[in-house]
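First the structure, in the form of structure tokens, and then the observations on it.
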Amino acid sequence: MPTVLLVAILAASALVTSFISGILGMAGGMILMGVLLALMPLPAAMMLHGITQLAANGWRAFLWRKDVDWRIFRGYCYGALAALAIFAAVRLVVGKPVAFIVLGLTPFVTLWLPEGLHLNVQRKGHPLACGFACSALALTAGVSGPILDIFFVRSMMRRHAVVATKAMTQSFSHVTKIVYFGAVVSVEGGRVDPWLGAMMVLLAFAGTSMSRGILERMNDVSFRRWTRWTVMVLGLFYLADGVVLLAR
């Protein structure tokens with residue numbers, strides 16, 4: 001049974017991270033995953049993160065539904081289902097140090113790509129590759145926002161379309177994560193109390209709704225700048241955490 005302090009921390013995390021994701025289209029999930037990994041067993045953290053972020057992303061996708069690029073979303077789904085099938089076959093569950101390190105490294109992947117391999121989700125075939133890579137990362141580290149941003153950062157999409165389409169793709173990834181950790185693999189410590197999940201969902205709705213006005217007041221330049229700097233700082237923090245845990 002979760003303690004009062006634990007519930008309070010989880011509640012605040014759900015509200016604040018959903019608010020951040022509603023503005024930037026990402027980053028909130030990274031923060032929430034770090035909090036959950038610090039407080040809960042990895043399977044339970046994956047499940048609760050999936051439930052909370054599905055609510056936040058699903059509600060964000062509904063709010064901006066007119067701006068969703070459905071061609072990109074369809075391609076993403078095909079790639080995500082392929083990743084789920086492979087993971088279901090091998091039933092892979094990593095440890096916390098590996099999850100933190102992967103979580104920390106993903107924002108910097110774009111720095112290692114050669115010029116000829118620039119990714120753009122508007123290019124033919126790239127949505128499928130995006131779905132595969134993001135879902136594989138979500139099933140390993142719990143989140144895929146940083147790698148998802150690599151596919152969107154060079155697109156010509158406006159911020160509303162970026163936030164809406166990311167929300168749809170992330171919603172689908174969180175569904176696959178819930179299915180994977182809830183049904184495909186059976187790991188001790190993976191149970192989440194229904195009332196706790198319901199609380200996180202309601203707070204995710206609230207945080208997402210609160211963010212809408214701020215996104216409207218931002219411009220596309222500041223939107224991309226804040227997104228990139230936020231995930232880089234978070235990446236360094238989680239990478240350090242993972243290295244410390246691995247050293248122990």
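Brief remarks follow.
- Percentage, to the nearest whole number, of Cα pairs in the chain over 24 Å apart: 41
- For the chain, the relative contact order is 39 percent, taking Cα pairs closer than 8 Å that sit 6 or more residues apart in sequence and dividing their mean separation by the residue count.
- Per-residue ellipticity at 222 nm, computed for the chain from helices alone with -39500 (n - 2.57) per DSSP H run of at least four residues, works out to -25500 deg cm²/dmol.
- The listed peptides 209-220, 38-49, ordered by packing as a protection proxy, come out as 38-49, 209-220 (highest mean of other Cβ atoms within 10 Å first).
- Footprinting exposure proxy for 243, 221 (fewest neighbouring C-beta atoms within 10 Å first): 221, 243
- Between residue 118 and residue 90, the modelled label-to-label distance comes to 3.2 nm, taking each label 7 Å out from Cα in the direction of the beta carbon.
- In this simple spin-label approximation, residue 244 and residue 229 carry label points 7 Å from Cα along the Cα→Cβ vector, and these lie 2.5 nm apart.
- Chain lengthening between residue 9 and residue 199 when straightened (0.36 nm per residue, less Cα-Cα): 67.2 nm
Here, each number is a calculation from the coordinates, and none is a lab measurement. Source: prediction; values computed, not measured. Cβ: placed from backbone, ideal geometry, glycine included. Neighbour counts: every protein chain shown.
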